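J.: Supplied in structure tokens, the structure appears directly below.
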Amino acid sequence: MSTHPLLGTALVTGATSGLGAEFARRLAAEGRNLVLVARDAERLEAAAAELRERYLIEVWVLAADLATDDGCRLVSDRLSGRDDPIETLINNAGVGLYEPFGSVPLSRDEALLDLNVRAVQRLSHAAINAMTATGRGEIINISSVSAFLPRGAAVSYAASKAWVTAFTEGLALTAMGSGVTVGVICPGFTRTEFHARAQVDLSHLPAWMWLDAGQVVAEGLADIRGGQVVSVPTRRYRAMILLSRLLPRPLLYRVMASR
């Protein structure tokens, strides 16, 4: 963990909606200047203007598609910059794909991996080098409870989040003693635009399975800044993961085959 409170600029990817927007608000409330990253320049500018007015901070925008080399390079260069160094990286940008593997063009699965895996790897690489040079910072990656479960209807998505979780745990070990905090937040179903963009109907889910974005961000930040590497917000989702580990694997496969 970083031994001193972080006061410098924070960079948030996927910052215009959902968890990314909530992270931006939370960090702005701490008095942190922000760099917001997303694909939609117009939405970025609107989000930045609102944050500047409400929190009286400086906000810069980077319109970048992190599923591309050019987008990753643009954001990595900002993370590597020595002027106004980034002290917090929130790797939040991601996409879901809820179709049986093989039923859609492979390019869609490859695009998912470019954003959910490759971009996280590249931005983390830039950030860890810059932060260890100064001896302070935090890298927080956003995963999912899907990382702990086999998902018959979301094969590449679940696998990508398993990678993010395992990668973050390893990076946390690498960063020990450097002054850089590394952690991963694994939320359950959260009320954001994420599932609508993935074109999946989850209206059948009971109300208790839905989380509020503010709750996820508050619990996740508290956990990681308190020394945890892996944060699973709420007791009910922690219990769900524990139960999945206790179930015989063949039974778990039957339960998750269509989920």
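J.: Exactly one condition in (1) crowded, with 19+ Cβ neighbours inside 10 Å; (2) out of contact with any Ser or Thr (no Cβ under 8 Å at 6 or more places or on another chain); (3) closer than 24 Å to Ala162 by Cβ is not met by Pro105; state its number.
T.: Of (1) crowded, with 19+ Cβ neighbours inside 10 Å; (2) out of contact with any Ser or Thr (no Cβ under 8 Å at 6 or more places or on another chain); (3) closer than 24 Å to Ala162 by Cβ, only one is false for Pro105: (1).
J.: Follow-up. Just need a number here: residues in the stretch 55-89 that are at pLDDT below 95 and assigned to a strand (DSSP E or B). Quick ask: steps written out before the conclusion?
T.: Restricting attention to the stretch 55-89, the residues satisfying the condition of being at pLDDT below 95 are 81-84.
Among the residues that remain, those that are also assigned to a strand (DSSP E or B) are: none.
Here the count works out to 0.
J.: Which condition does Leu221 not pass, out of (1) out of contact with any strand residue (DSSP E or B) (no Cβ under 8 Å at 6 or more places or on another chain); (2) assigned to a helix (DSSP H, G or I), if it passes all the others?
T.: With respect to (1) out of contact with any strand residue (DSSP E or B) (no Cβ under 8 Å at 6 or more places or on another chain); (2) assigned to a helix (DSSP H, G or I), Leu221 is out only on (1).
J.: Still on this structure, please answer the following. Restricting the stretch 1-54 to residues that are touching a residue at least 60 places away in the same chain (Cβ under 8 Å) and in a strand (DSSP E or B), which is farthest from Gly177 (Cα to Cα)?
T.: Among residues in the stretch 1-54 that are touching a residue at least 60 places away in the same chain (Cβ under 8 Å) and in a strand (DSSP E or B), the one farthest from Gly177 (Cα to Cα) is Thr13.
J.: Out of Thr88, Thr16, I need the residue that is surrounded by 21 or more Cβ atoms within 10 Å (Cβ to Cβ) and closer than 17 Å to Ala130 by Cα. Which one? Steps first, please.
T.: Working: Thr16 fails: closer than 17 Å to Ala130 by Cα.
Only one candidate passes the filter, namely Thr88.
J.: Collect the residues in the stretch 90-114 that are more than 14 Å from the chain's Cα centre (by Cα) and assigned to a loop (DSSP other than H, G, I, E, B), keeping them in residue-number order.
T.: Correct list: Leu97, Tyr98, Glu99, Pro100, Phe101, Gly102, Ser103, Val104, Pro105.
J.: From Asp65, Asp69, grab the single residue that is surrounded by fewer than 15 Cβ atoms within 10 Å (Cβ to Cβ), closer than 23 Å to Ala126 by Cα and of a type in the set (Asp, Glu).
T.: Working: Asp65 fails: surrounded by fewer than 15 Cβ atoms within 10 Å (Cβ to Cβ).
Within the list Asp65, Asp69, the selection yields Asp69.
J.: For a quick check of your reading of the model, give me the residue pairs whose first member lies in the stretch 229-249 and is at pLDDT 90 or above, whose second is of a type in the set (Gly, Ala, Ser) and assigned to a helix (DSSP H, G or I), with beta-carbon atoms closer than 6 Å and at least 6 apart or on different chains.
T.: Hits for this filter: Val229/Ala172; Ser231/Gly220; Pro233/Gly220.
J.: OK, next. May I ask you to list the residues in the stretch 183-218 that are modelled with pLDDT of 90 or more, more than 19 Å from Phe148 (Cα to Cα) and surrounded by 16 or more Cβ atoms within 10 Å (Cβ to Cβ)?
T.: Across the stretch 183-218, the qualifying residues are Ala213, Val217.
The values are calculated or read from the model by the stated rules, or taken from the named source; none is laboratory data. The shown structure was predicted, so the numbers you read here are calculated from the model rather than taken from an experiment. We place every Cβ from the backbone using ideal geometry, glycine too, and count neighbours over all the protein chains shown.
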